1. What are the ³J(HN,Hα) values, in whole Hz, obtained from phi via the Karplus relation 6.51 cos²θ - 1.76 cosθ + 1.60 with θ = phi - 60°, for each residue of the range 60-77 in sequence order, with x given for Gly and Pro?
2. Multiplying the sequence separation of Q132 and R268 by 0.36 nm and subtracting their Cα-Cα distance, what value in nm do you get?
3. Enter the Cα centre distance for the pair the range 162-197 and the range 254-298, rounded to the nearest angstrom.
4. For percent of Cα pairs over 29 Å apart, pick the label among (i) 51; (ii) 33; (iii) 71 that corresponds to the value derived from the coordinates.
5. With r as the distance between the Cβ atoms of I148 and K174 and R0 = 25 Å, compute the FRET efficiency 1/(1 + (r/R0)^6) and round to 0.05.
6. Would you be so kind as to identify which of A163, F111, P150 lies farthest towards the positive end of the dipole of the range 64-220, taking Lys and Arg as +1 and Asp and Glu as -1 on Cβ and the Cα centre as origin?
7. How large is the helix-only mean residue ellipticity at 222 nm for the chain, computed as the sum of -39500 (n - 2.57) over DSSP H runs with n ≥ 4, divided by its residue count, in deg cm²/dmol to the nearest 500?
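Since every read-out is calculated from the coordinates, none of them should be taken as a lab result. Bear in mind the structure is a predicted one, so any value in this text is a computation, not a measurement. Counting neighbours? That spans all protein chains shown, and the Cβs are built from the backbone with ideal geometry, glycine included.
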Amino acid sequence: MLAARHVVCALSGGVDSAVAALLLRRRGYQVTGVFMKNWDSLDEHGVCTADKDCEDAYRVCQILDIPFHQVSYVKEYWNDVFSDFLSEYEKGRTPNPDIVCNKHIKFSCFFRYAVDNLVVKLLQAADSFKDQTFFLSQVSQDALRRTIFPLGGLTKDFVKKIAAENRLHHVLQKKESMGICFVGKRKFEHFILQYLQPRPGKFISIEDNKVLGTHKGWFLYTLGQKAKIGGLKEPWYVVEKDGANGDVFVAPRTDHPALYRDLLRTNRVHWITEEPPAALVRDKMMECHFRFRHQMALVCRVLQRGRVPGQWEDPAVGTICLHAPEGPEQSQSGHR
């Protein structure tokens, strides 16, 4: 009789990972549960309830009768995720720490801890509301081929049903872990200004260069974000940021033309399967589906290497451009 394949299952202390471990065990895998501690809650007054989560993960392993281990990546998380998070905000960009955490912690540090062996594709989950492909977009092929997503074909309601039927009640009613863990319930601006020096500047209308108000730092704002400007009844939205002068340019209304683009340019592309796809190498362009935000509906766009017709400057070698296809769809590509 063949020995069961050994699988290391990351347990967060929540219902999803608990049911994932349960399903793996039912499918005949030899499962070991591992809890990752990535943030030092003692330093942040218990914002990420790591101790309680670890206890809940341990109880899951007891109920399922599987081994339990705990690993700490607090140092790695600080160096590779949180420090990058602060650095990006200081430069005026809006980072996504969940994507960086998946890349450097869960599918690098934890992956090396877990290892053992395929080209694989990253597929969308059956539950579109819980689909994680956006956050997994930077994970390597090497890590994915050694990864299993036991809940990929299930809806959240069905996951909860399985938990209830298998005495995992203590994790069933826990709230969803949404948002950035280390920020918790605190106001984001207050949190980030504990780590970065304020850089006061002005809100300026993109229409007539009129000063509308002041802010504590241009790096606090994301392009397309609603700007909270004191004394104004109507909402204004961020169009551009001037890091040199500290000014944030804003426009009225979500349908203002300044908020829209039909071209996106990048010089860093992560390919999960082929690198780059054969169609792009052969034709210098290819149609693809695109999203820039979690749960945003996929839209059809053209991916093109090198210079895009109608653009003045020649891009750097290896540049990839994304733009609307020719025809009726070549219009406003969406709110940034």
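1. The phi angles translate into 4, 5, 5, 5, 8, 6, 10, x, 10, 9, 10, 10, 10, 10, 4, 5, 5, 5 Hz.
2. The span from Q132 to R268 would gain 46.8 nm if fully extended.
3. Rounded to whole Å, the Cα centres lie 31 Å apart.
4. Computing percent of Cα pairs over 29 Å apart and matching it to (i) 51; (ii) 33; (iii) 71 gives (i).
5. Numbers: r = 23 Å, r/R0 = 0.92.
So, using R0 = 25 Å, E works out to roughly 0.65.
6. Of the options given, the answer is A163.
7. Details: 11 runs with 78 residues, N = 336.
After summing the helix terms and dividing by residue count, I get -6000 deg cm²/dmol.
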